[in-house]
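Below is one structure; the comments refer to it alone.
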Amino acid sequence: MTRSIVLTNHKGGVGKSTSATNIALGLVHVLRHIKANNSRVLLIDTDSQGHASLVTTGRNDFGTDNSLYTVLMADRKEASRVLAECIVPSEWDADLHVLPASPMLEGAERELTGTAGAPYRIADPLSKIAPHYAAIVIDTRPSFSLMTEMGLLAATDAIVPVEPRYLETVGLLSVINKINDIREGWRHPNLRVSGILVTKMDSRIKGHNQLLNELKSHSVLGQLLCGVIPQNEAVSYSHHNHLSVFNYDPKAPASNAYAELVSNLVRQMARRKAV
Ligand SMILES: Nc1ncnc2c1ncn2[C@@H]1O[C@H](COP(=O)(O)OP(=O)(O)O)[C@@H](O)[C@H]1O
Ligand SMILES: [Mg+2]
C-alpha cells in the first residue's frame with residue numbers, strides 16, 4: 001500500500017505547507033538515491049489558499065476544470081479518471097506531481113456538507129491512482145474542516161508541525177486526539193500519528209528550548225517527536241523564489257533538518273512494508 005503522509009494542525013503558520021512541499025521533494029530525492037523502483041511522489045493540496053500549489057507549480061490559477069475542486073465535484077464513477085487528469089507536473093522535479101488546490105475549495109466544503117460519502121471524496125478516487133506513486137503527501141488547511149477530514153481519511157500517516165511556543169503546544173493533544181478519533185471513530189485503522197515536527201526552532205531563545213525539553217519529557221508527546229526544523233531565513237527566501245529549500249540552499253540548516261526527517265520517513269516506510 002502506498003504510504004500517504006498528511007501534514008495537519010488547526011493552527012496556521014506552523015509550517016504545514018513548507019513541510020509538505022519539502023518532504024514531498026525530499027522523498028523523490030531519497031527514493032531516487034536508493035534506486036527504488038519508483039520515485040514518483042504526488043503532492044495533494046487541500047488548502048484553498050493554494051500555497052503548496054503555487055510554490056511547486058508557479059501557478060495559482062487552478063479552478064473549476066483542473067484542480068482538486070474538479071475531483072470533489074465529479075460524478076463518483078468518474079472521480080478517479082478526473083483526479084488523474086487534474087494532476088500536473090511540478091516545476092521542482094519530473095517525479096514530483098501535484099494535485100493543485102483552488103480558491104473554489106472554500107465553496108466545495110459548503111456544497112458537499114451533508115452529501116453522503118463526502119468525507120471520502122479524496123480517499124476513494126485516490127485509491128485507484130495511489131499505486132502509481134511511491135508516496136503521497138497531503139497539505140491541509142489550518143482548521144478541522146470537512147476538507148481536512150478528507151485529507152486525513154486519505155492518509156496513512158499524520159505529521160503534526162508545531163511551533164515551539166506555549167499556546168501552540170497546549171493545543172497539541174487535541175490535534176492528536178482528533179487524528180485518533182478519525183482512526184477509531186471513522187474506522188480508518190491505517191491512519192496513525194507518525195510524528196510531531198517542531199518547526200521554526202530558534203535555539204537562542206530560552207522559551208523555545210524550554211518547550212522542546214518539556215515536549216521531549218512528556219509521556220505521550222515525547223514518544224511522537226519526529227524532528228526539529230530550525231528557524232531559517234532560507235525557508236522564506238525559497239518561497240519567494242518558488243524553490244524548495246533544498247534547491248535554494250542545500251547546505252542551509254533547514255535543508256539538513258528536512259533531509260534527515262525524510263531519511264527517517266523512508267526508513268520507517270521500509271520497516272512498515274517489511275511487517
Ligand atoms: N523553518 C522555518 N524558518 C523560517 N521561516 C519558516 C520556516 N518554516 C516556515 N516558515 C515561514 O512561516 C510562514 C508559514 O509557513 P507555512 O508553511 O505556510 O505554514 P502553514 O502552512 O502551517 O500555514 C511562511 O511565511 C514560511 O516562509
Ligand atoms: Mg499552508
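The values are calculated or read from the model by the stated rules, or taken from the named source; none is laboratory data. All figures in this text were calculated on a predicted structure; none of them were measured in a lab. All Cβ positions, even for glycine, are placed from backbone atoms using ideal geometry, and neighbour counts span all protein chains on display.
Kindly provide the set of residues from segment 218-241 that are more than 18 Å from PRO161 (Cα to Cα) and more than 10 Å from ligand 1 (Cβ to nearest atom), ordered by number. Within segment 218-241, SER219, ASN241 qualify. Look at segment 167-193: where a residue is without any contact (Cβ under 8 Å) to a residue 24 or more places away in the chain and farther than 14 Å from LEU224 by Cα, no partner that is surrounded by 19 or more Cβ atoms within 10 Å (Cβ to Cβ) and of a type in the set (Lys, Arg) sits 6+ places away or on another chain with Cβ atoms under 7 Å.
Residue check: is THR199 at pLDDT 95 or above, touching a Ser or Thr at 6+ places or on another chain (Cβ under 8 Å), farther than 28 Å from PRO119 by Cα and surrounded by 14 or more Cβ atoms within 10 Å (Cβ to Cβ)? Considered against the rule, which asks whether it is at pLDDT 95 or above, touching a Ser or Thr at 6+ places or on another chain (Cβ under 8 Å), farther than 28 Å from PRO119 by Cα and surrounded by 14 or more Cβ atoms within 10 Å (Cβ to Cβ), THR199 comes out as yes.
Scanning segment 104-116 for residues being part of a loop (DSSP other than H, G, I, E, B) and either modelled with pLDDT under 90 or basic (Lys, Arg) (or both) gives a total of 4. Residues of segment 117-133 that are part of a loop (DSSP other than H, G, I, E, B) and in contact with a Ser or Thr (Cβ under 9 Å, 6 or more places away or on another chain): ARG121, ILE122, TYR133. Checking THR18, THR46, THR64 one by one, the residue that is within 11 Å of ligand 1 (Cβ to nearest atom) and in contact (Cβ under 8 Å) with a residue 12 or more places away in the chain is THR18 and no other.
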